[in-house]
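S.K.: Handing you this structure, nothing more for now.
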């Protein structure tokens, strides 16, 4: 994907372009990492890893997508609050059994489903505000439009985290990673990221 979002002609194309651009930032951040590297925190006392950030934004997109698709009703969810909290915390954790390939596959699946929904779901449908300590209590609903803009915000915030963590893991920066993934030519000022030579 290019480093810039394409030109947009209306609100829906803008939402699609910028959501896709922010989704792709995580593919760049994890590009070339092993499962072990994906679980490394860049610096103490942080516990953020590129892998756990990818798992978190997968969960966040899935949760908001379910809300948008169920609107104006609530999505079905029979988990207890304790289980919801445990699932939320688990998504912030990179386990020994986690792999880059499986985590990316889950992320790509939900990212594609979000973009499909952005193309088809009415932007004005009200989405009930989910109960959570960080959500306001003085309104009953947001719009589907708000949900998609909120996902742009969530992805952008955590893509910045992923950039910083990745640089702490092996020194790779976003433009080098995108250039490596996209096969851009090397210039005097931009060297596409390549895996370190072994042997």
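Coordinate-derived values only; no laboratory data. Everything numeric here is computed off the predicted structure, so don't read it as measured data. Reconstructed Cβ throughout: ideal geometry from the backbone, glycine too, with neighbour counts over all protein chains shown.
S.K.: Given a 10 angstrom Cα cut-off, can you work out which residue in 173, 187, 49 is the most mobile in a GNM of the chain?
M.R.: Residue with maximal mean-square fluctuation among 173, 187, 49: 187.
S.K.: For the range 89-199, take every pair of Cα atoms, bin their distances at 10 Å starting from 0, and report each bin as a whole percent.
M.R.: Going from the shortest bin to the longest, the percentages are 10, 27, 33, 20, 8, 2, 0.
S.K.: Given a Förster distance of 22 Å, report the FRET efficiency between residue 197 and residue 37 from their Cβ-Cβ distance, rounded to the nearest 0.05.
M.R.: Values: r = 16 Å, r/R0 = 0.74.
Here the calculated transfer efficiency is 0.85.
S.K.: Can you tell me which of 22, 61, 83 moves the most in a GNM of the chain? Springs connect C-alpha atoms under 10 Å apart.
M.R.: Of 22, 61, 83, the most mobile in the Gaussian network model is 83.
S.K.: Rounding to the nearest 10 and keeping the result within 0 to 90°, find how far the Cα-based axis of helix 11-30 lies from the longest principal axis of the chain.
M.R.: Tilt of helix 11-30: around 40 degrees.
S.K.: Taking only Cα atoms, what is the 0 to 90° angle, nearest 10, from helix 100-120's long axis to the longest principal axis of the chain?
M.R.: Approximately 40 degrees, to the nearest ten.
S.K.: Relative to the longest principal Cα axis of the chain, at what angle does helix 81-90 sit, 0 to 90 degrees, rounded to 10?
M.R.: Tilt relative to the chain: about 20 degrees.
S.K.: When the chain is fully extended, how far beyond the present Cα-Cα distance does residue 87 get from residue 139, taking 0.36 nm per residue of separation? Please list the in-between numbers first.
M.R.: Details: separation 52, 0.36 × 52 = 18.72 nm, distance 2.63 nm.
Full-extension gain reported as 16.1 nm.
S.K.: Between residue 74 and residue 182, with labels modelled 7 Å along Cα→Cβ, what's the label distance in nm to one decimal, could you check?
M.R.: Each label point is offset 7 Å from its Cα along the Cβ direction, giving 4.4 nm.
S.K.: Further question on the same structure: Rank 169, 121, 50 by mean-square fluctuation in a GNM of the chain with C-alpha springs under 10 angstrom and give only the top-ranked residue.
M.R.: Per the Cα network of the chain with a 10 Å cutoff, 121 tops the list.
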